[in-house]
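Visitor: Please find one structure pasted underneath; my questions will follow.
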Amino acid sequence: MLIGESVLLKDMMDCRENRVKLQTKYRLHFQKPIISFCMNIPGPIKTTTEIQEAFDIGCKKIEEILQATKIKILDSTRIHKITGDEWILCTEGDAVKIKASMSSIEDFHPFGRLFDIDVIDVNGEKLSRTAFRKCLICDAQAQVCASLRKHSIFEMQNKIEEILKAFLH
């Protein structure tokens, strides 16, 4: 079971509102694609030392991919709060290609299922994945399991801990 400080729904709503404001500020100022990275952690506990460590690993992977594809970061902001870690980046490059690269991180990195990497184009549209994500627990579509509340928060948190322990220790 994840141990940490619980957040309230209001905290998460405020966090989301602030994220959108920052994304919009970058997009309007630079007129370039935005990458928004945070952790996919269901339940009231959004961060622990291990989750922060996985987040930092995700940031390094994003930087590696951007460097390898010669995509320049124009500006970025990292946020560390009880609502979870976030990294908002404004980049040069083609949003569709960036989304493909970010989706490959989510699909193939050991922590990829815990990563939530959104790409927003210059028009403010969030780009969709070409394939649905699998559920953290079973092989069904994550969206279906979430809408049906098929798995308990306890089950999901246990799976998250299992993933973190397998690759951090």
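Just so it is clear, none of the values below were taken in a lab; they were calculated from the coordinates. Predicted model only: the values in this text are computed from it and were never measured. Neighbour counts are summed over all protein chains in view; Cβ atoms, including those assigned to glycine, are modelled from backbone coordinates with ideal geometry.
Visitor: Could you check how many residues of region 129-169 are among the polar types (S, T, N, Q), exposed (fewer than 14 other Cβ atoms within 10 Å of the Cβ) and outside any helix (DSSP H, G or I)?
Guide: So the count comes out to 2.
Visitor: Related question: Hey, can you tell me all the residues within region 90-117 that are touching a Ser or Thr at 6+ places or on another chain (Cβ under 9 Å), under 18 Å from ILE51 (Cα atoms) and outside any helix (DSSP H, G or I)?
Guide: Here is the first cut: in region 90-117, the residues touching a Ser or Thr at 6+ places or on another chain (Cβ under 9 Å) are 90-91, 93, 97-101, 103, 112, 116-117.
After this cut, where a residue has to be under 18 Å from ILE51 (Cα atoms) as well, the list is 112, 116-117.
Result: ASP116, ILE117.
Visitor: State which residue is nearest to ASP118 (Cα to Cα) when the search covers only region 59-83 and only residues that are surrounded by 14 or more Cβ atoms within 10 Å (Cβ to Cβ) and out of contact with any helix residue (DSSP H, G or I) (no Cβ under 9 Å at 6 or more places or on another chain).
Guide: Ranking the candidates gives CYS59 first.
Visitor: Would you check if there is a residue in region 10-24 being surrounded by fewer than 17 Cβ atoms within 10 Å (Cβ to Cβ), out of contact with any helix residue (DSSP H, G or I) (no Cβ under 6 Å at 6 or more places or on another chain), among the hydroxyl-bearing types (Ser, Thr, Tyr) and in a helix (DSSP H, G or I)?
Guide: Yes - at least one qualifying residue is present in region 10-24.
Visitor: Scan region 118-128 for residues that are in contact with a Lys or Arg (Cβ under 9 Å, 6 or more places away or on another chain) and either closer than 21 Å to GLY84 by Cα or in a strand (DSSP E or B) (or both) and jot them down.
Guide: Scanning region 118-128 gives ASP118, VAL119, ILE120.
Visitor: Taking only region 25-50 into account, find how many residues are in a helix (DSSP H, G or I) and in contact with a strand residue (DSSP E or B) (Cβ under 6 Å, 6 or more places away or on another chain). Spell out how you get there, then give the answer.
Guide: At the first step, the residues of region 25-50 found to be in a helix (DSSP H, G or I) are 25-30, 49-50.
Those left that are additionally in contact with a strand residue (DSSP E or B) (Cβ under 6 Å, 6 or more places away or on another chain): 26-27, 30.
Counting residues in region 25-50 that are in a helix (DSSP H, G or I) and in contact with a strand residue (DSSP E or B) (Cβ under 6 Å, 6 or more places away or on another chain) gives 3.
Visitor: Something else now. When region 91-148 is examined, which residues are found to be hydrophobic (A, V, I, L, M, F, W, C) and farther than 27 Å from LEU164 by Cβ? Reasoning before the result, please.
Guide: Applying the first criterion (hydrophobic (A, V, I, L, M, F, W, C)) to region 91-148 yields 95-96, 98, 100, 102, 105, 108, 111, 114-115, 117, 119-120, 122, 127, 131-132, 135-138, 140, 142, 144-146, 148.
Within region 91-148, ALA95, VAL96, ILE120, VAL122, LEU127 meet the criteria.
Visitor: Please specify each residue of region 112-135 satisfying the condition of being free of Cβ contacts under 8 Å to residues at least 60 places away in the same chain and more than 27 Å from LYS32 (Cβ to Cβ).
Guide: Residues satisfying the conditions are PHE132, LYS134, CYS135.
Visitor: Given (1) in a helix (DSSP H, G or I); (2) over 26 Å from ILE98 (Cα atoms), where does LYS61 come up short, assuming only one miss?
Guide: (2)
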